[in-house]
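Trainee: Take a look at the following structure, please.
The values are calculated or read from the model by the stated rules, or taken from the named source; none is laboratory data. A quick note: this is a predicted structure, and the numbers were derived from the prediction, not measured. Backbone-built Cβ (ideal geometry, glycine too); neighbour counts: all protein chains shown.
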Amino acid sequence: MSTTQNARRFTLKTLSAAAVVATLGGLSALPAHAQETIKVGVLHSLSGTMAISETVLKDTVLMAIDEINAKGGLLGKKLEPVVVDPASNWPLFAEKTKQLLTQDKAAVIFGCWTSVSRKSVLPVVEEANGLLFYPVQYEGEELSKNVFYTGAAPNQQAIPAVEYLMSKDGGSAKRWVLLGTDYVYPRTTNKILRAFLKAKGVADADIMEEYTPFGHSDYQTIIAKIKKFSSEGKKTAVVSTINGDSNVPFYKELGNAGLSAKDVPVVAFSVGEEELRGVDTKPLVGHLAAWNYFMSVKSPANTEFTKKWAAYAKAKNIPGHKDKPLTNDPMEATYIGVNMWAQAVTKAKSTDTDKVIAAMAGQTFKAPGGFTSTMDKENHHLHKPVFIGEIKADGQFNVVWKTPGPVVADPWSDYIAENKGKKNVPEKK
């Protein structure tokens, strides 16, 4: 897709979101204390290309709400989830957000996966002075006082993963394939990675960059190109920012083509335990993913988390998980987010957006990943550990590298020249 087409597509989405904002007419959500319950918006795609990844995040929010309600709720009220399905349709995310904030009077929204959905939602949340918790790794280059980012910024996932692949332990890669779905997260992340690689002395001729649309299913041609690119004398690695159900045909074709991790390792930023559920992982053993949590992490908090999820999935008859319960990084980030928000509401003695934002600064939570997660006092991002895991034959990950402790997020990447002088603090609006 050309840059012009890409820009036009993004402009149309931005205009759609702006139209929704215009209809708000400055109306703010009424305070939740006027209601019998505290409404909690759940904004995840339950259909369309992103349902493979997002459906389980909806269930994670519901599990956390059930746990809080079992302890008496918040401020003497029960939490009431309001679940909507934006159906992997980016303008629909904005419309559903407007509904949650102005019609349902949600005190908070937990939702989105793709950055284009988040960017569709952002102006609506800001106009209504609502609150969004976003649980997925992303490209950075954004800070809003109305959003808490519980997934990773690039320096908490993408940069460490590439550094690992460059190292002796990671195979000493010299050539790079940057492969992603065609939207803002992969393109911006790869802009950062290209600048990072250039700073490390990698020539443009040793970087191949490819994009496919959402829902893409035929990876034969691209994998043939990767095989040719990797056969030209230098150790090659693939960095994948493919999102949604396209990961299934990509990994199937990778196996069919016999591209083993020993020959051309692939590190993925949007593939975890859930995305590998429908794939024969035996040919994929040794390929990598970079996250801030894996189900296989050994910690008392993770043992408790995985047991609770297994029991909940069975009790609620959740498809797939009732028989084979899996947990993954965005589930952990979602769970941390709901619990931190609840702690902030308790501290603020209110669900008022500005009071909760103030109370979120410095909140801590013993995360399933085995570390205490801290919400930064200024930049609205979590301090998170980084793990790199190898795919095992059973679809789980064996952690091969990790940071000594949590890493502070850097939303404005130092590898983008325009960011010089920008502060990692949301602007007051």
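Trainee: Using the structure shown, decide if E304 is surrounded by fewer than 19 Cβ atoms within 10 Å (Cβ to Cβ) and part of a helix (DSSP H, G or I).
Mentor: yes
Trainee: Can you say whether N243 is modelled with pLDDT under 95 and either polar (S, T, N, Q) or surrounded by fewer than 22 Cβ atoms within 10 Å (Cβ to Cβ) (or both), as far as the supplied structure shows?
Mentor: When the stated conditions are applied, N243 passes them.
Trainee: A further question follows. Name the residues in the stretch 388-425 that are within 15 Å of T189 (Cα to Cα) and surrounded by 18 or more Cβ atoms within 10 Å (Cβ to Cβ), would you?
Mentor: A409, D410, P411, W412, S413, Y415
Trainee: State all residues of the stretch 129-145 that are surrounded by 22 or more Cβ atoms within 10 Å (Cβ to Cβ) and under 22 Å from A344 (Cα atoms); if no residue qualifies, say none.
Mentor: Scanning the stretch 129-145 gives G130, L131, L132, F133, Y134, P135, V136.
Trainee: For the stretch 112-157, what are the residues that are of a type in the set (G, A, S), within 30 Å of L288 (Cβ to Cβ) and out of contact with any strand residue (DSSP E or B) (no Cβ under 7 Å at 6 or more places or on another chain)?
Mentor: The answer is S115, S117, G140.
Trainee: Checking D329 against (1) modelled with pLDDT under 95; (2) charged (D, E, K, R); (3) in contact with a Phe, Trp or Tyr (Cβ under 9 Å, 6 or more places away or on another chain), which single condition isn't satisfied?
Mentor: (1)
Trainee: Another one. Could you list all residues from the stretch 203-240 that are surrounded by fewer than 18 Cβ atoms within 10 Å (Cβ to Cβ), polar (S, T, N, Q) and under 30 Å from G48 (Cβ atoms)?
Mentor: S217, Q220, T221
Trainee: Does D263 meet the test of being at pLDDT 95 or above and among the charged types (D, E, K, R)?
Mentor: Taking the combined requirement at face value, the residue does not satisfy it.
Trainee: Considering the stretch 288-299 alone, what residues qualify as being part of a loop (DSSP other than H, G, I, E, B) and either surrounded by 24 or more Cβ atoms within 10 Å (Cβ to Cβ) or under 17 Å from the mean Cα position of the chain (by Cα) (or both)?
Mentor: N292, Y293, F294, M295, V297
Trainee: Find the residue count for the stretch 252-277, including only residues that are among the hydrophobic types (A, V, I, L, M, F, W, C) and assigned to a loop (DSSP other than H, G, I, E, B).
Mentor: 7
Trainee: Same structure, new question: For the stretch 290-348, name all the residues that are without any contact (Cβ under 8 Å) to a residue 40 or more places away in the chain and among the polar types (S, T, N, Q).
Mentor: Scanning the stretch 290-348 gives T303, N317, Q343.
Trainee: Next up: Consider the stretch 54-88. How many of its residues are under 16 Å from Y335 (Cβ atoms), hydroxyl-bearing (S, T, Y) and surrounded by 22 or more Cβ atoms within 10 Å (Cβ to Cβ)?
Mentor: The number of residues fulfilling the criteria is 1.
Trainee: List every residue pair whose Cβ atoms lie under 7 Å apart, where the two residues are 6 or more positions apart in sequence or sit on different chains, the first residue falls within the stretch 83-112 and is among the acidic types (D, E), and the second residue, located anywhere, is assigned to a loop (DSSP other than H, G, I, E, B).
Mentor: Every condition considered, the pairs that remain are D85/S45; D85/L46; D85/S47.
Trainee: Would you please name the residue that is nearest to G362 (Cα to Cα), looking only at residues in the stretch 147-178 that are of a type in the set (D, E, K, R) and not in a helix (DSSP H, G or I)?
Mentor: D169
Trainee: Quick check on this structure: which one of G370, G362 is surrounded by fewer than 21 Cβ atoms within 10 Å (Cβ to Cβ), farther than 28 Å from L197 by Cβ, touching a Pro at 6+ places or on another chain (Cβ under 8 Å) and not aromatic (F, W, Y)?
Mentor: Criteria check complete, one pass: G370.
Trainee: Filter the strands (runs of 3 or more DSSP E) completely within the stretch 337-429 down to those with at least 2 residues that are under 18 Å from the mean Cα position of the chain (by Cα).
Mentor: Correct list: 372-375, 387-391.
Trainee: So, one more: Taking the stretch 89-107 as the region of interest, how many residues are under 23 Å from S350 (Cβ atoms) and buried (at least 24 other Cβ atoms within 10 Å of the Cβ)?
Mentor: Of the residues in that region, 5 qualify.
Trainee: Then there is this: Hey, any hits in the stretch 276-283 for a residue that's of a type in the set (A, V, I, L, M, F, W, C), surrounded by fewer than 22 Cβ atoms within 10 Å (Cβ to Cβ) and in contact with a helix residue (DSSP H, G or I) (Cβ under 7 Å, 6 or more places away or on another chain)?
Mentor: Yes, the stretch 276-283 contains at least one residue that is of a type in the set (A, V, I, L, M, F, W, C), surrounded by fewer than 22 Cβ atoms within 10 Å (Cβ to Cβ) and in contact with a helix residue (DSSP H, G or I) (Cβ under 7 Å, 6 or more places away or on another chain).
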